[in-house]
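The values are calculated or read from the model by the stated rules, or taken from the named source; none is laboratory data. Predicted, not measured: the structure shown is a model, and the values here were computed from it. Cβ atoms come from the backbone with ideal geometry, glycine included; neighbour counts cover every protein chain shown.
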Amino acid sequence: MICRLWRGLTRPEEADRYVEHLRRQTLPQLRELPGFVDASILRREVDRGAEFLIVTRWQSLKAIEQFAGAEFTVAVVPPEVQRLMIDYDRSVRHYEVVE
């Protein structure tokens, strides 16, 4: 099992809109992909806005590659999400789940 981690920072007034985007568009699409296991949306308020850590779990790196492409460490951030962000990771981190 592999966890894929991505961080983004929204403007305060865009935080709820970003969560709705995840719930209505991103997560339903991910659930249709072979090898996708689940996702967590972590949120904390910071001085500049709302910081999110998105953790998705996948059965393998191969499954992630089928989702993200050959350069699977590059973040997949649709233009509509980019517009909500003050800052966001351009690359993701992958961790093998040990336990």
Say we look at the range 15-26 and pick out the residues that are surrounded by 15 or more Cβ atoms within 10 Å (Cβ to Cβ) and in contact with an Asp or Glu (Cβ under 9 Å, 6 or more places away or on another chain); which of these is farthest from residue 77 (Cα to Cα)?
-> 15
Hey, can you tell me all the residues within the range 57-75 that are under 13 Å from the mean Cα position of the chain (by Cα), aliphatic (A, V, I, L, M) and loosely packed, with under 15 Cβ neighbours inside 10 Å?
-> 74
Pairing a residue in the range 51-70 that is under 18 Å from residue 40 (Cα atoms) and free of Cβ contacts under 8 Å to residues at least 60 places away in the same chain with any residue that is of a type in the set (D, E, K, R) and not in a strand (DSSP E or B), where Cβ atoms lie under 6 Å and the two sit 6 or more apart in sequence or on different chains, gives none
Looking at (1) modelled with pLDDT of 95 or more; (2) loosely packed, with under 14 Cβ neighbours inside 10 Å, can you tell me which one residue 35 breaks?
-> (2)
Inspect all residues belonging to the range 1-17 and state whether any of them is farther than 19 Å from residue 71 by Cβ, modelled with pLDDT of 95 or more and of a type in the set (Phe, Trp, Tyr).
-> no
Which condition breaks for residue 24 when tested against (1) more than 11 Å from the chain's Cα centre (by Cα); (2) in contact (Cβ under 8 Å) with a residue 24 or more places away in the chain?
-> (2)
